[in-house]
């Protein structure tokens, strides 16, 4: 979504399903940043997702506490919008002037977004000449329901903050996790609590964005059913032993096999779709973020399944930060969206 107006200091706010995260950065030149402030607080999924006034009040209290404890003073905020509540796509449009393109998009939006235009808030950004049709140009479209956007704005602005930008979580994640200057196409896989964000990036911009409605929660349920254990123990097994065949006699990876097959199948479909659209581009690496980066040996598993080099992504790769902060180190992998929001430029 667009920057509403130019602004100086601001911070990124990620209201996730299991935690609230805030980050404020300072530009350090050359695409680098310095960490000024951060905050983190776990929340109950019901608090994050419920529509009741009581749940929203509790969520607002958590946000205020996190911001207060972080030391952030500015009221300006860049807000993340849940991938499950947004739709992002790349479309081809005729090569036109900006004014002509704006008019053309307005009358063609209903072809591209999966909701009524009367109920949608839509933004777009010109990516440049199409990589597969020189007569066209590529446009990134992002949409969300007006009701969801207004509910989020009302929540945050009702706390006294000024929302200067709002964008889908996957776009923020791309900004922090993708490798700067990478010459080939790169796949980013961010596993959250209830969904998986998949983005394929080339030339520093998204060319494909998908949300798969299965997250770490799905893996936990598979382990509960197949190992006959409690949910908390299942989560501990997955995050501690992961897919190691030599841990617990390989029972965890066996319990997750069919569920992981579904993930790799969807990932393979995304890569195939991308390669069909851009046959001359090489998909050379997969980077993992969120829970995907913390489940032991998931990188090796996916590399074997999709046949592409896979590594752990680092959302803090361009941020100088205190090396001795153990509190941050424990949850650093969860900050891809918050860091990406904080790395926005005015108009980025």
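For the residues 141, 127, 109, the requirement of being surrounded by 15 or more Cβ atoms within 10 Å (Cβ to Cβ), under 26 Å from residue 342 (Cα atoms) and touching a helix residue (DSSP H, G or I) at 6+ places or on another chain (Cβ under 8 Å) singles out 141. Would it be correct to say that residue 168 is surrounded by fewer than 16 Cβ atoms within 10 Å (Cβ to Cβ), under 21 Å from residue 91 (Cβ atoms) and touching a strand residue (DSSP E or B) at 6+ places or on another chain (Cβ under 6 Å)? Against the criterion (surrounded by fewer than 16 Cβ atoms within 10 Å (Cβ to Cβ), under 21 Å from residue 91 (Cβ atoms) and touching a strand residue (DSSP E or B) at 6+ places or on another chain (Cβ under 6 Å)), residue 168 does not qualify. What do you reckon, is residue 196 more than 29 Å from residue 141 (Cα to Cα) and buried (at least 19 other Cβ atoms within 10 Å of the Cβ)? Taking the combined requirement at face value, the residue does not satisfy it. In the range 258-270, the residues that are assigned by TED's automatic domain parsing to the domain that holds residue 195 and touching a residue at least 60 places away in the same chain (Cβ under 8 Å) form Cβ pairs under 8 Å with partners that are in a helix (DSSP H, G or I) and surrounded by 17 or more Cβ atoms within 10 Å (Cβ to Cβ), at six or more places apart or across chains, as follows: 267/302; 267/306. Here the range 199-219 is the region considered, the condition is being in contact with a helix residue (DSSP H, G or I) (Cβ under 9 Å, 6 or more places away or on another chain) and more than 23 Å from residue 303 (Cβ to Cβ), and the residue that is surrounded by the most Cβ atoms within 10 Å (Cβ to Cβ) is 217. Considering the range 324-345, and only residues there that are part of a helix (DSSP H, G or I) and over 15 Å from residue 294 (Cα atoms), the residue that is nearest to the chain's Cα centre (by Cα) turns out to be 337. Looking at 271, 308, just one residue is assigned to a helix (DSSP H, G or I), in contact with a helix residue (DSSP H, G or I) (Cβ under 8 Å, 6 or more places away or on another chain), modelled with pLDDT of 95 or more and closer than 25 Å to residue 185 by Cα, and that residue is 271. Pairs are defined by a Cβ separation below 7 Å, a sequence spacing of at least 6 or placement on different chains, a first member in the range 156-178 that is free of Cβ contacts under 8 Å to residues at least 40 places away in the same chain, and a second member that is surrounded by fewer than 24 Cβ atoms within 10 Å (Cβ to Cβ); the pairs so defined are 157/163. Only a single item in (1) in contact with a strand residue (DSSP E or B) (Cβ under 7 Å, 6 or more places away or on another chain); (2) surrounded by 19 or more Cβ atoms within 10 Å (Cβ to Cβ) is not met by residue 82, and it is number (1).
The values are calculated or read from the model by the stated rules, or taken from the named source; none is laboratory data. These numbers come from a predicted model, not from an experiment. A quick note on method: Cβ atoms are made from the backbone with ideal geometry, for glycine too, and the neighbour counts reach across all protein chains shown.
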